[in-house]
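Visitor: Can you read through this structure? Questions will come right after.
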Amino acid sequence: MGRDGTLRQLLVLTARQALGRRRMLLALLAACAPVLVAAIYRIAGGGEYEAWTAGLLNGLVVTTLLPLVALIVGTSVLGGEVEDGTIVYLLVRPIPRREIVLAKLAVGTAVTAVVIGASAVVATLVSLPGTAGPGTAVAALASVAWGALIYSSIAIALSLLTGHALIVGLAYVYIWEGVVAGLFTGTRLVSVHQYVLGVAAALDPTQPSLLPWHLDLATSLVLGAVVAAGATVLAIARLARFEVAERP
Amino acid sequence: MNSRWAGTPPGAPPDGRGGRGARAVTGRQPLWSPAPVPADVAASPLAVVHVGRWYGNVVAVNDVTFGIGPGVTGLLGPNGAGKSTLMHMLAGLLPPSSGQVLVEGRPAGRDPALYRRIGLSPERDAAYEFLTGREFALLSARLARLPDPDAAARRAIALVDLEAAADRQIGGYSKGMRQRAKLAAALVHDPPILLLDEPFNGMDPRQRLHMMDLLRRMAAEGRVILFSSHILEEVERLAQQVLVMVAGRLAASGDYRALRHLMTDRPHTFLLRTSDDRAMAAGLVAEDAVLGVQLVDGALDVRAADYSSFTRVVAGVARRAGVTLYELRPTDESLESVFAYLVNR
Amino acid sequence: MNPEVSTPPADVRTSSGSIYDLGYQRYTGPRLGRAYAARSLYAHGLAAAFGIGRSTRSKVIPMGLFVIALVPAVIELGIAALAGGILQPVRLDNYYSLVGTVMLLFCAAVAPELVGRDQRNHVLSLYFSRALDRRDYALAKFGALLTAMLLIALVPEFVLYLGSALVGADPIAYLRAHLDQPGPILASGLVTSLEVATVALAIAALTPRRAYATGGIVAAWFIADGLGTLVASVGDVAWTRYGVLLSPSLVSDGAIRWFFGTGGDEILLRADLPGWWYLVAALVYSGAAGIVILRRYSRIPA
């Protein structure tokens, strides 16, 4: 694949698309929120640093910002091209459809992981004094990257399945993961949120005691990989059968 | 039905009006036609065989069959006639609901390798606004896996006369410049088959002439070029062959002059200037081949039953009446009248 | 040219050209004016909010979210019918903390449809060249969105309220005992809807693109929510309790608890602010968003 550098071309194109857009500003603004809160917290000098930092990471970063940014970026990298009609210029080229999907997935994941990961790392280092900071920050970065990959793959598949990809994705995250998984604990097994927390808990020495319940590392990795791979395969299959809409 | 199409126009597939048969059938019944595929259609570089496409209850393309060979073919029809749907099906971007679309004998679609042979300029004015024209051509060349993409991009930009604007972002382009950028991308890999959906939209007259010239040259090199338009003048000036689509059906195909001659159920009109219009009119009215004569502005407007019988008798009438003929010309040979005829039937 | 064509009497014709009278006439009757135009735009917007008059595919999201907003009420009535009201996990005063997200998503889906399409298709100039002026347009669209939000807010509440009466042995006695409820129900529905609708419409009016608008609405809401909640949960410091006023959903929740006279959850109890503060905060948010909307529409290039 990409023996003529076509994958690289797609990556560069997608990166320019993603970074040049106004929604990038939105994502950066979102990334500032946890840092701001952490700063307020340190200035106010509230105690229980570890519990509060875990609350910041689990509550704001992983529960809200990560899926939000991943869905916004993920539905725009490919969905934006579908909406604008520029996808045609990629489809009329002799390149395998998987290259298009993989390039979009790579850029979407990278953008989300960098923006939210950086936000998580900085917020952790600001709010956690002493030596516990770096370990928690690394765990946060790894789990955010893992979540970015899974959410991005879902977002890309959704953007090929429905014209309302963003709202459907948000409904999954905030209704299913946010409300239903809170009430019916069994549904946690099909919650990306839990795969992210599972990775964080396994890597972070302070977290396990702070979470009431979490998946173990292996389960989080396997289930997350199944979801990401399934969504990506679905997206590639959909793109291969993509029908250019007659009416915009 | 066949009497109207007495004989097959040169170059047109014998069954070029597949939609005819389906017309008598109600919409609920199958739209495919049992008629066999003519051999010359199947052998064409671009073949559309009993193709239908519908969206829910809306039929966009209805049992269309034709083949296109080298040269420029114009796809003509009013807005909403199904031209873009047909273009997308030919480009393999939309599967037909029924029938088959063949590009060089292979089914279009699901085969990215086909895009080495096809160049498409879509109708929609979509663009990567943040790229410059040159970058867009270069990206297209690289994605086409060309050995020397830089040279190909340069050549394409030069062909469409976009050099002056090539280093500006497409977002700031005028409509005409966007069209040329799309064309450059469609041409960049030098494809033997070109599908151009409304390529002249938004171009100024000078660019239009330049582009027509370019397409004529490319056709002369043996390329298959299909372009769509709802502007008759463009098709008339550029295309040797026309396909006329009306409401999803193929209303006519072939050389438009030949088509015009086939439409015997509608009177042909001629303009005559003579030395004595009234005497000539009196003589003409006596002929069976003449349906009506009108004196208009110092000339005779004659409606004839059909082309050949009128042209046979007109000289004899003039001689008998002792009238000198100054001018005789058909007034409805333009594509406009062919089209109006097909649309209004 | 064609002698068989019957010529309408009003045709203008010369030897080389003719203009046919196709029967077009100038409308000379009474005109219905601004109020009627605004009402039509409002009614059309309200129908469009639920996808009525649009394709089936555009009905799925709003209708689906509406149904989801009803689910807790139905579950509660089921529990009440089977278990006799011993447990009351879903109550009138905590309903919005359960379905607030659903309402937000509904609004984030609907608001961009209401105002974004007209910008996307460049038809605002067509509206503004009619009897409607810019403010009428903004108010009609806002009215449609607010009505839609009131429906998704109040229908489940009244289903729960009236349903609770009907599952009991004596509905009349129940209603008589709970006569004080409709007031808080209406007030809390109005405050919640007003806050969501104004904030969402202000963001949606800023961009023609649906994805930006939807993402912007949800992001602004949740980020403000997270900020407020986290700041308010910084313990041992007096001033951080005002953080609850940063969170739009805590603000409306506080106002609702005040209407119903119930205590509220942990974070509101800790903040311990007077109930009317929340109402004022909600109105301040709505007012600020309203100003953004009107300013946007007074300047938008049409």
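The values are calculated or read from the model by the stated rules, or taken from the named source; none is laboratory data. It should be emphasised that the depicted structure is a prediction, and the values quoted were computed from it without experimental measurement. Please note: Cβ atoms are built from the backbone with ideal geometry, for glycine as well, and neighbour counts cover all protein chains shown. The accessibility values were calculated without ligands, DNA or RNA, using every heavy atom of the protein model including side chains. Shrake-Rupley method; radii C 1.70, N 1.55, O 1.52, S 1.80 Å.
Visitor: Check cross-link reach from B:Lys182 to the lysines: straight Cα distance under 26 Å, and skip same-chain residues fewer than eight apart.
Guide: Output for B:Lys182: A:Lys104, B:Lys83.
Visitor: Still on this structure, please answer the following. If one computes P(r) from the Cα atoms of chain A, what percent of pairs lie at distances over 28 Å? Before the final figure, lay out each step's value.
Guide: Numbers: 10340 of 30628 pairs.
When every Cα pair of chain A is considered, 34 percent fall beyond 28 Å.
Visitor: Nearest 100 Å², what total accessible surface is buried between chain B and chain A (probe 1.4 Å)? Don't skip to the answer; put the middle values down first.
Guide: Details: alone 15900 and 12070 Å², together 24840 Å².
Chains B and A together bury approximately 3100 Å².
Visitor: What list of ³J(HN,Hα) values in whole Hz, one per residue of the range B:143-148 in order, does the Karplus curve 6.51 cos²θ - 1.76 cosθ + 1.60 (θ = phi - 60°) give from phi, with Gly and Pro shown as x?
Guide: So the Karplus estimates, Gly and Pro as x, are 5, 7, 6, 7, x, 10 Hz.
Visitor: Nearest 5 is fine: what % of DSSP beta bridges in the protein assembly as shown come out antiparallel, could you say? Please list the in-between numbers first.
Guide: Working: 38 of 57 bridges.
Taking every DSSP beta bridge with both residues in the protein assembly as shown, the antiparallel ones total about 65 percent.
Visitor: Under 20 Å from the Cα of C:Lys59, which aspartates and glutamates turn up, not counting those fewer than eight places away in the same chain?
Guide: Qualifying aspartates and glutamates at Cα under 20 Å: A:Glu83, C:Glu113, C:Asp118.
Visitor: Quote the relative contact order of chain A in percent (integer), defining contacts as alpha-carbon pairs under 8 Å separated by 6+ residues.
Guide: Numbers: 315 pairs, mean separation 60.3, N = 248.
Relative contact order comes out at 24 percent.
Visitor: For helix A:132-161, what angle does its Cα long axis make with the longest principal axis of chain A, in degrees from 0 to 90 and rounded to 10?
Guide: 30 degrees
Visitor: Right, next: Could you sort B:138-149, C:286-297 so that the peptide with the highest average Cβ count within 10 Å comes first and the rest follow in order? Could you put the intermediate results ahead of the total?
Guide: Details: B:138-149: 20.9, C:286-297: 17.5.
The densest-packed peptide leads the list: B:138-149, C:286-297.
Visitor: For the range B:187-248, what is the relative contact order in percent, using Cα pairs closer than 8 Å and at least 6 residues apart in sequence?
Guide: Working: 38 pairs, mean separation 26.6, N = 62.
Here the relative contact order equals 43 percent.
Visitor: Can you give me the P(r) profile for chain C? Cα pairs, bins 10 angstrom wide beginning at 0, each as a whole percent.
Guide: P(r) for chain C, in whole percents per bin: 6, 23, 26, 20, 11, 5, 3, 3, 2, 0.
Visitor: Give me a single rounded figure for A:35-41: the average over its residues of other chain Cβ atoms within 10 Å of their Cβ.
Guide: Working: counts 0, 4, 9, 1, 0, 8, 7.
The mean count of partner-chain Cβ atoms within 10 Å per residue comes to 4.
Visitor: For the range A:135-211, state the semi-axes of the equivalent ellipsoid (square roots of 5 times the eigenvalues of the alpha-carbon gyration tensor), sorted largest first and rounded to whole angstrom.
Guide: On the way: eigenvalues 127, 52, 12 Å².
Sorted largest first and rounded, they come to 25, 16, 8 Å.
Visitor: Across chain A, where is the longest run that never hits chymotrypsin sites (Phe, Trp or Tyr not before Pro) in a DSSP loop with at most 10 other C-beta atoms within 10 Å? Please list the in-between numbers first.
Guide: Details: sites that count: A:Phe184, A:Trp213.
Result, exposed sites excluded: A:1-183.
Visitor: Right, here's the next one. What is the distance in Å between the Cα centroid of the range B:33-96 and that of the range A:6-65?
Guide: Result: 51 Å between the Cα centres.
Visitor: When ligands, DNA and RNA are left out and all protein chains stay put, how many square angstrom of accessible area per residue does the protein assembly as shown have with a 1.4 Å probe?
Guide: Solvent-accessible surface per residue comes out at 43 Å².
Visitor: May I pose another question? Calculate, in nm to one decimal, what B:Glu233 and B:Lys175 gain on full extension: separation in residues at 0.36 nm each, minus their alpha carbon distance. Each step should come with its number before you reach the end.
Guide: Working: separation 58, 0.36 × 58 = 20.88 nm, distance 1.99 nm.
That pair, B:Glu233 and B:Lys175, stretches by 18.9 nm at full extension.
Visitor: Moving on. Could you tell me which helices of chain C pass both thresholds, a Cα extent of 30 Å or more along their own axis and a mean Kyte-Doolittle hydropathy of at least -0.5, with helices taken as whole DSSP H runs? The partial results should precede the final answer.
Guide: On the way: long enough: C:56-83 (39 Å, 1.65); C:95-120 (35 Å, 0.72); C:134-167 (49 Å, 1.27); C:182-204 (32 Å, 1.53); C:210-232 (33 Å, 1.10); C:275-299 (37 Å, 0.73).
Membrane-span-like by this rule: C:56-83, C:95-120, C:134-167, C:182-204, C:210-232, C:275-299.
Visitor: Additional query: Sort C:34-44, B:74-84 for me by packing, meaning the mean count of neighbouring Cβ atoms within 10 Å per residue, highest on top. Walk me through the intermediate numbers first.
Guide: Working: C:34-44: 15.7, B:74-84: 21.9.
Listed from highest to lowest mean packing, they are B:74-84, C:34-44.
Visitor: I've got another one for you. Using θ = phi - 60° and the Karplus curve 6.51 cos²θ - 1.76 cosθ + 1.60, what whole-Hz ³J(HN,Hα) does each residue of the range B:116-122 get, with Gly and Pro shown as x?
Guide: Computed from phi, the couplings for the range B:116-122 are 6, 9, 10, x, 10, 10, x Hz.
Visitor: Largest first, what is the accessible-area ranking of C:Glu76, B:Glu327 with a 1.4 Å probe? The partial results should precede the final answer.
Guide: Working: C:Glu76 5, B:Glu327 55 Å².
From most accessible down to least: B:Glu327, C:Glu76.
Visitor: Which whole number gives the average, over all residues in A:168-176, of C-beta atoms from other chains lying within 10 Å of the residue C-beta?
Guide: Working: counts 5, 0, 11, 10, 0, 3, 7, 7, 0.
The per-residue average across the peptide is 5.
Visitor: Do any GluC sites (Glu not before Pro) in the range B:164-273 lie in a loop, going by DSSP, with at most 12 other beta-carbon atoms within 10 Å of their beta carbon, and if so which?
Guide: On the way: sites: B:Glu221, B:Glu233, B:Glu234, B:Glu236; in loops: B:Glu221.
Those satisfying the criteria are B:Glu221.
Visitor: If C:Leu246, C:Leu150, A:Leu160 are ordered by their accessible area, calculated over protein heavy atoms with a 1.4 Å probe, which sequence runs from highest to lowest? Walk me through the numbers on the way to the answer.
Guide: Numbers: C:Leu246 85, C:Leu150 40, A:Leu160 15 Å².
Largest accessible area first, the list is C:Leu246, C:Leu150, A:Leu160.
Visitor: Another question, then. For peptide A:81-88, how many partner chain Cβ atoms fall within 10 Å of a residue's Cβ, on average? Don't jump to the answer; show the numbers that get you there.
Guide: Values: counts 2, 0, 4, 7, 6, 7, 2, 9.
Average per residue, whole number: 5.
Visitor: Ballpark to the nearest 100 Å², how much total accessible area do C and A bury together, probe 1.4 Å? Kindly include the intermediate steps, with their values, before the conclusion.
Guide: Details: alone 16740 and 12070 Å², together 26050 Å².
Between C and A, the summed buried area is about 2800 Å².
Visitor: Here is a further query. Mind checking the angle between helix A:66-77 and chain A's longest principal axis? C-alpha axes, 0 to 90 degrees, to the nearest 10.
Guide: Approximately 10 degrees, to the nearest ten.
Visitor: Continuing with this model, one more query. Mind jotting down the distance between the C-alpha centroids of the range C:38-113 and the range B:187-224, whole Å?
Guide: If we compute the Cα centre of each part, the gap is 54 Å.
Visitor: Let me ask another. Grab every C-alpha pair in the protein assembly as shown, bin the distances at 20 angstrom width from 0 up to the longest one, and report whole percents.
Guide: That works out to 12, 35, 31, 16, 5, 1, in percent per bin.
Visitor: With +1 assigned to the C-beta of every Lys and Arg and -1 to the C-beta of every Asp and Glu, and no other charges, what is the dipole magnitude of the range A:6-240 about the Cα centre in debye, to the nearest 20?
Guide: Values: 12 positive and 9 negative charges, 146 e Å.
With only Lys, Arg, Asp and Glu charged at Cβ, the dipole is about 700 debye.
Visitor: Starting from the residue with the highest accessible area, list B:Glu123, C:Glu195 in decreasing order, probe 1.4 Å. Spell out each step's value before the answer.
Guide: Numbers: B:Glu123 80, C:Glu195 0 Å².
If we order B:Glu123, C:Glu195 from most to least accessible, we get B:Glu123, C:Glu195.
Visitor: Let me ask you something else. Leaving out ligands, DNA and RNA, what percent of the accessible area of the protein assembly as shown is carbon and sulfur, probe 1.4 Å?
Guide: Values: 23440 of 38350 Å².
Carbon with sulfur: 61 percent of the solvent-accessible area.
Visitor: Per residue and in Å³, how big is the convex hull formed by the alpha-carbon atoms of the range C:154-282? Walk me through the intermediate numbers first.
Guide: Details: hull volume 15.8 nm³, N = 129.
Hull volume normalised by residue count: 123 Å³.
Visitor: Also, I was wondering about something else. Restricting things to alpha carbons, tell me how big the range C:220-280 is in terms of Rg and Dmax, in Å.
Guide: Both quantities, over Cα of the range C:220-280: 10.6, 29 Å.
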